[in-house]
Amino acid sequence: MIVADNHVVSIDFTLTDGDGNALDKSEEGKPLVYLHGTESLLPGLEKALNGKNIGDSFEVTISPEEGFGDVNPELIQTVPTEAFQGVESIEPGMTFEAKGPSGQVEHVVVEAVEDDQVRINANHPLAGVTLNFNVTVVAIREAEKEEIEHGHVH
Ligand code: ZN
């Protein structure tokens, strides 16, 4: 059996950035399980998995354009501390949820605090990052009819 649409695929993976820093990995014995063909993974990663066999290991590099996009400078803003009413002390690295222009929830990271000014960044944490995945296909099975209808693994 090979990786194809409407198959449930289990993968072990490690994710590093362009400088080789570890960003994420599946836990030992706990592979990531997903329904192939539903774009639940990054499209570039699903594309690389297409047609692979159980036991195959490979590396795939995904550019920011195919990953989480480039850093958008408009999403980095400086706002007065008064915007954080009810927050006792604002420290770099804190994250907040904010409503974006079209009502969607955005995760905002505090990058710097200077006097009464706070620099916040609403870019995805992996925006602008080149992603290197090391992947091993651990298991493949045909999806159940209900899983295909729901678009996710049961
Ligand atoms: Zn379901």
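Below are the figures for this structure:
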read-out: Sole exception among (1) modelled with pLDDT under 90; (2) within 15 Å of the chain's Cα centre (by Cα); (3) of a type in the set (D, E, K, R) for Glu46, by number; value: (1)
read-out: Hey, Val60 at pLDDT 95 or above, on the phi < 0 side of the Ramachandran plot and in contact with an Asp or Glu (Cβ under 7 Å, 6 or more places away or on another chain) or not; value: no
read-out: Whichever residue in region 74-108 is in contact with a helix residue (DSSP H, G or I) (Cβ under 9 Å, 6 or more places away or on another chain) and of a type in the set (Val, Ile, Thr) and, among such residues, is modelled with the lowest pLDDT; value: Val87
read-out: Residue list for region 1-24, restricted to those being assigned to a strand (DSSP E or B), of a type outside the set (A, V, I, L, M) and surrounded by 14 or more Cβ atoms within 10 Å (Cβ to Cβ); value: His7, Ser10, Asp12, Phe13, Thr14, Thr16
read-out: Members of region 73-87 that are of a type in the set (Asp, Glu) and either closer than 19 Å to Asn123 by Cβ or surrounded by 10 or more Cβ atoms within 10 Å (Cβ to Cβ) (or both); value: Glu74
read-out: Residue check, Leu32 at pLDDT below 95 and either under 14 Å from the mean Cα position of the chain (by Cα) or surrounded by 14 or more Cβ atoms within 10 Å (Cβ to Cβ) (or both); value: no
read-out: Test: residue in region 27-35 that is assigned to a strand (DSSP E or B), of a type in the set (A, V, I, L, M, F, W, C), over 17 Å from Val135 (Cα atoms) and free of Cβ contacts under 8 Å to residues at least 40 places away in the same chain; value: no
read-out: Pairs where the first residue, in region 52-67, is in contact (Cβ under 8 Å) with a residue 60 or more places away in the chain and the second is among the acidic types (Asp, Glu), C-beta under 8 Å, 6+ apart; value: Pro64/Asp70
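The values are calculated or read from the model by the stated rules, or taken from the named source; none is laboratory data. Only a predicted model underlies this, so the values are computations on that prediction, with no experimental measurement involved. Virtual Cβ from ideal backbone geometry, glycine too; neighbours counted across all protein chains shown.
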